[in-house]
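S.K.: Dumping the structure here so I can ask a few things about it.
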Amino acid sequence: MTARFGLMVAAGCLALASAACSPGGEPKAEAAKSQAVAPIQVEVYRIEQREQDGVLRASGLVAYKSETLLSFGAPGMIETLLVDDGARVRVGQVLATLRRTTVGADPAESEVVRQTAQQTFDRVSRLHAAGAASQADLDNARLGLERAREIVSIVAPASGVILRRDVERGQMVTTGQVVLQLGEDRTGIIVRAQLSSVDVSQVKVGDTATIAIPGRDARTGKVSQISPKMAANMGSFEVEVRLDDPKDLKSGEVAEVRIAAKPTTGPSRASYLIPAISLIDARADQGMVYVVDQTGKATRRSIQTEGVTDAGVVVTGGLQPGEAIITRGASMVRDGDTVTFRQE
């Protein structure tokens, strides 16, 4: 029995040795090893030097300078609605009326309240015309008159176009609920664009601009206003461009703005635009990206940023023209990994 057991052990050892030396064993091990270190497939963006021709580019939206929200000063039911989206209106035109639901139970008392409010409004109107009452006083008197009336109206405060209608006839509305939105002709049509702090420092009120709108001829204009404060949720500054010929333009159209800016004096800093998706970490004016070298190795690198525009993140340090940074697939990469990629 001992001899038989010895023979069985010897046969097992011979089988294991044969399997290890068989032609199929080595390719399987090599395949497993190759699969374990297969490069990660990603997409990259190649850094390009920003144009130095003094022309700044930004995306923007066409809008009326004043887009006024109109509402009733009392709750009630919409009795008439005399305009629709796109309608042109003139100053003083009645746009909608409302039947109040809180006039009062005593008709005689309600009439006294209405007469008093009318007298107050008439008196304040005369004082305002003579310069003895402020616009706020007149607005308060008008609001008091509206609240005292059984039927109140919305009157166009300026000539323009109705951009939006939010209610229907017969609908119940609350005090201050938006009924209509009016684009006022008197303030004109502008384009609002966003610029980084690097770019906005080169722009001055009066700089000329070219505006390209899909499906329309190119327009010209001038920078009319620059926001003194950075937009907290965007990290950029709003710039308004007033169009020389706004005819037929619609509020909300997308525009590309090219501003002929005057470069600031002193040493210039190179800056680049990169896709926001390439940031794997961002804090204040710092960020982190993966840079891919010529061998395909991905390396984490700290960069300096300065604001976000519609076109991407403005980078002021840490990158050089020609370098490739990972955009899509960065979440699957670790420092030192080998990657394969196709350029965006």
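S.K.: Kindly state, to the nearest 0.05, the FRET efficiency for E48 paired with L127, given R0 = 51 Å and r defined as their beta-carbon distance.
M.R.: Here the calculated transfer efficiency is 0.20.
S.K.: Right, something else. Under a plain spin-label model, where a point goes 7 Å from the Cα along Cα-to-Cβ, how far apart in nm are T174 and I151?
M.R.: 2.7
S.K.: Now, a different point. Give me the net charge for the shell around F121: Cβ to Cβ below 13 angstrom, other residues only, Lys and Arg +1, Asp and Glu -1.
M.R.: +2
S.K.: Roughly how many nanometres apart are two label points built 7 Å out from the Cα toward the Cβ at S331 and D281?
M.R.: 1.8
S.K.: Sorted from fewest to most neighbouring beta carbons within 10 Å, what does the list K204, K229, K222 look like?
M.R.: By the 10 Å Cβ count, ascending, the order reads K229, K204, K222.
S.K.: Here's another thing I want to ask about it. Which links in K204/K250; K222/K247; K229/K250 stretch past 19 Å when you go from one Cα to the other?
M.R.: K204/K250; K229/K250
Since every read-out is calculated from the coordinates, none of them should be taken as a lab result. Predicted, not measured: the structure shown is a model, and the values here were computed from it. Cβ: placed from backbone, ideal geometry, glycine included. Neighbour counts: every protein chain shown.
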